[in-house]
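Below: the structure, in structure tokens.
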Amino acid sequence: MADDTALGTVVLGLEGFVLLEAREVDGEVELAVETMAVTTGCPECGVVARAHGRRATVVRDVAMGGRPCRLAWSKRLWRCEEQLCPKRTWTERRDDAALPRAVLTERARAHVCVQVGRHGRPVAQLAREFGTGWNTAMAAVRDHGLPLTEDPARTAGVASLGVDETSFQAAGPRRRTTFVTGLVDLDTGRLLDVVDGRAGTSVAGWLQQRGDGWLSAVRRVALDPHRGYLNALLEGLDAPTAVVDAFHVIKLANTVVDEVRRRVQQDEMGHRGHKGDPLYGIRRTLLVGTERLTDKGKARLEAALVAGDPDCEVWYAHHVKELLRRVYRADAHDEAADRLEEFHEACQFVEIPEIRRLARTLRHWHHQLLAYWRCDGLSNGKTEAINALIKRIKRVGHGFRNLANYRLRLLLFCGKPAWQDQPAARLRGPRHAS
């Protein structure tokens, strides 16, 4: 019995189980098991109970040897001998092995959670592997995943916070495109949370749920030029330094170049860009940094501007964009401030509406733009990396309708929870037995 008990503990990973038999049934591995319990007390009155027979229960377990596995658990039935006790009979239970009336063992449910949450596999795929329904598999992810994602230790120790929005559901006949806001720890690259909407109130509501110690620890924040986010962060946190992301600033300038090119194209040619049109042919070249262009590329750019830009509007938009890029090549804060002022001087008297709009926008974000040099080049790069992982989960799930499930899947995959698994040790022994 001692050997059987040890074998059952090793195979099942649970104390107190005996492995009676291992057999093959319909191409699957079936393990016949039972507990070692010989006495127990009534859960109602505590009187020592009497054995009342057994009841066989079959539950699905993790695969064994590449084949599906199930446990044939011979559960004991107990009977209370106390005549006045309302509890007459009951079935033994071991919730660490399998919950009552469960289809999967607890370690199988934990395995489903790890595969779906940590490795980003589809829920339907795991449901098919274990022969269960989608709801059963998702319930396992929810039951084992929520304690990990809601652990306060997972979101502790944040000093640099990144904020950005991603789409949740695409527009359809009955709805507009909906968005969620992701909050990221820029030091560790972990997704802290996902909140509904992309308004400043969404971020403000999330910050109100944090403690004073957490809020005071955040000293730097990075965001795209979104006034609602900025107001929420400045009001909710304890005087952080806000940095507007350099990528989004240059993206604004690239958008201006593209808008001016399209307008001039329409004015000169009377139609949208076609193959063979001078400006249409350099639409991507205009967005490339001048220092990255070859001599051939520069000549091609100049020839197209001469042919399709008679008033030099596209040329000037490209020039302004390069002045803004030059700001970010500065080595120090004062040098960057001087270059930014040169940019504004170049935009001050020009009568190109797109450029005037860009200059006004960057005037509003003047301090947040220059904070880039006070915060050692802080950016939302890790937030954008998290956004790429978010898109991966959306593709795996073929889209989501339930925001709670979506949030859980993202936090398990991107939030770096404390998974309670043991990595396999590397085998470093000799290649051949001596």
For the chain, modelled as a Gaussian network with Cα springs under 10 Å, which listed residue fluctuates most, ALA171, ALA317, ALA98?
ALA171
Along the three principal axes, how long is the range 327-414 when you take its alpha carbons, biggest first, rounded to the nearest angstrom?
51, 32, 18
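Taking the inverse of the average 1/r across all pairs of different Cα atoms in the chain, what Kirkwood radius in Å do you get?
27.1
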Would you report the distance distribution of C-alpha pairs in the range 259-298 as whole percents per 5 angstrom bin, up to the bin with the largest distance?
6, 23, 29, 18, 14, 9, 1
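Based only on Cα atoms, what Rg/Rh ratio does the range 282-434 have, Rh being taken as Kirkwood's radius?
Details: Rg = 24.6 Å, Rh = 20.6 Å.
My calculation of the ratio gives 1.19.
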Multiply the residue gap between ASP95 and GLU291 by 0.36 nm, knock off their C-alpha separation, and tell me the result in nm, one decimal place.
64.0 nm
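Tell me the relative contact order for the range 247-374 as a rounded percent, counting alpha carbon contacts under 8 Å between residues six or more apart. Could the numbers behind the result be given before it?
Working: 108 pairs, mean separation 31.9, N = 128.
Answer for the range 247-374 is 25 percent.
Give me D for the range 1-122 in µm² s⁻¹, whole number, from Stokes-Einstein with Rh from the Kirkwood sum over alpha-carbon pairs, 4 °C and 1.567 mPa s. List each step's numbers first, then the result.
Values: Rh = 15.9 Å.
Taking Rh from Cα pairs, D becomes 82 µm²/s.
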Distant-in-sequence amide H partners of ASP164 (H built 1.01 Å from N, under 5 Å):
GLY182
So for the range 2-102, averaging the separation of alpha carbon pairs under 8 Å that are six or more residues apart and normalising by length, what relative contact order in percent results?
21
Over the chain, what relative contact order in percent results from Cα pairs under 8 Å that are six or more residues apart?
13
List the residues whose amide H sits under 5 Å from the amide H of ASN380, counting only those 5 or more places along or on another chain, with H placed 1.01 Å from N in the peptide plane.
ALA246, PHE247
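Using the Kirkwood radius over Cα pairs, work out the Stokes-Einstein diffusion coefficient for the range 107-168 at 25 °C and 0.890 mPa s, in µm²/s as a whole number.
Details: Rh = 13.2 Å.
For these conditions, the coefficient is 186 µm²/s.
All of the numbers you see were taken from the coordinates with simple rules; none came from a lab. Because the structure is a prediction, the values reported are computed rather than measured.
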